[in-house]
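One structure is given below, encoded as structure tokens.
What follows draws every value from the coordinates through simple rules; no lab data is involved. What you see is a predicted model, and the numbers here were worked out from it, not measured in a lab.
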Amino acid sequence: MIRESAQVAATRRVGEYTVLTMTAPGIAPLARPGQAVTFAVGGAQSSLLARRGCAIFRAQERGVYGGTLEIVVDAGEPGTRWLAERRRNDLLDVIGPVGRGFALPRDPVSCLLIGAGWRSAGLFGLAEALHARGCRVDIILGAATAERLFGVLEARRESATLTVLTEDGSMGARGQATDALDEVMARGDTSVVYASGPAGLLRTVAERARERGAVSQLIVDVSLACGSGGCLGCAVWVTGQDGNPRWVRACVEGPTFRGDVLRWDRPHPAAVLTSLSRDGSAAP
Ligand code: FES
């Protein structure tokens, strides 16, 4: 893991979100799909103690600016609002890549990627890696409204089939992302499901995958307050290798976990607060 000063190279709006592109020549070549980065937020007069974690949307080893990272910011609270207000040439204190990325299948199997809102961003580097292994990739994207969807154009390019759902019906079918799970898994004969979204979506994906004999891998939705294993603020309740339940750190042992390892009987308060605080509800 590396700490570096990343310079903002470009910003753009996508629906309700801000996409930041930054030069990060140390971190970008090391980044793997599913990993995250954390940022110190706030200026000299307004800095916040806790860092803000973001999934890596894209990492390019080289380009016009050298190695670059792209992240997607939902400006739902003061820390992420500060990030979304950064402009070209601003400097960001960034640590990464944080945690472990997704495990990739050895064989060219059929995979389903399901994401909700801005959290879908963590799945796109994965789609490219799966294609490189000859895997079929189906994608489901969901959000409360069309403006809160992320990655529809990219998903169209990178999937055999794309299914879009919004809760208000403003794009795609009306409903939640998980409403399409059974149909898409059956149609694609899915072997592995990858998901990024709020806790309710992750739990449903883990349960449906298990019922259908598929493997699930999930990015947990917890705050990464330090990103380096020191604060214990990212604790996740799992079944350990010895079969006993235990807390582990998402920034070290995660943020990707197999669905059959995650336990849902004691969600960490931080996970609940994160889901609730961004929108005022648990929905994406
Ligand atoms: S974010 Fe601090 S221990 Fe994981």
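Could you state the principal axis extents of the C-alpha atoms in the chain, from the largest down, to the nearest angstrom?
52, 42, 37
Hey, what angle do you get for helix 269-279 against the long axis of the chain, alpha-carbon based, 0 to 90 degrees rounded to 10?
80 degrees
Test of understanding: what is the full-extension gain from T239 to A146, defined as 0.36 nm times their sequence separation minus their Cα-Cα distance?
Here the segment from T239 to A146 would lengthen by 29.8 nm.
Residue by residue through the range 90-96, which ³J(HN,Hα) values in whole Hz follow from phi under the Karplus form 6.51 cos²θ - 1.76 cosθ + 1.60 (θ = phi - 60°), with glycine and proline marked x?
4, 9, 10, 7, 10, 10, x
Mind listing the phi-derived Karplus ³J(HN,Hα) values for the range 165-171, rounded to whole Hz, using 6.51, -1.76 and 1.60 with θ = phi - 60°, and x for any glycine or proline?
9, 10, 5, 9, x, 6, 8
Defining a contact as two alpha carbons under 8 Å apart and six or more residues distant in sequence, what relative contact order in percent does the chain show?
Worked out over the chain, it gives 18 percent.
When the convex hull of the C-alpha atoms of the range 1-107 is computed, what volume per residue in Å³ does it have?
Convex hull of Cα atoms, per residue: 114 Å³.
For the range 79-151, what is Rg from Cα atoms divided by 2.2 N^0.38 Å, rounded to two decimals?
1.39
Tell me, what ³J(HN,Hα) does each residue in the range 225-241 have, in order and in whole Hz, if you take phi through Karplus 6.51 cos²θ - 1.76 cosθ + 1.60 with θ = phi - 60° and put x for Gly and Pro?
6, 10, x, 10, x, x, 9, 6, x, 10, 4, 10, 8, 9, 8, x, 5
Taking the 0 to 90 degree range and rounding to the nearest ten, how far is the long axis of helix 199-211 tilted relative to the main principal axis of the chain, both from C-alpha atoms?
On a 0 to 90 degree scale, this one is about 30.
How much length is gained if the chain between L49 and A160 is pulled fully straight, taking 0.36 nm per residue apart and subtracting their Cα-Cα distance, in nm to one decimal?
Between L49 and A160, full extension yields an extra 35.6 nm.
Okay, helix-only estimate at 222 nm for the chain: each DSSP H run of n ≥ 4 adds -39500 (n - 2.57), divide by all residues, round to 500 deg cm²/dmol; what do you get?
-5500 deg cm²/dmol
Take the alpha carbon gyration tensor of the range 60-204, find the square roots of its eigenvalues, order them as a ≥ b ≥ c, and report rounded if a/c is under 1.5; if not, report prolate when a/b exceeds b/c, else oblate.
oblate
How long is the gain from L232 to S5 if the chain were fully straight, where each residue apart is worth 0.36 nm and the alpha carbon distance is subtracted?
Gain on extension, L232 to S5, equals 79.3 nm.
What residues qualify as long-range amide H neighbours of D90, i.e. H under 5 Å apart, gap of 5 or more or another chain, H built at 1.01 Å from N?
Long-range HN contacts for D90: V8.
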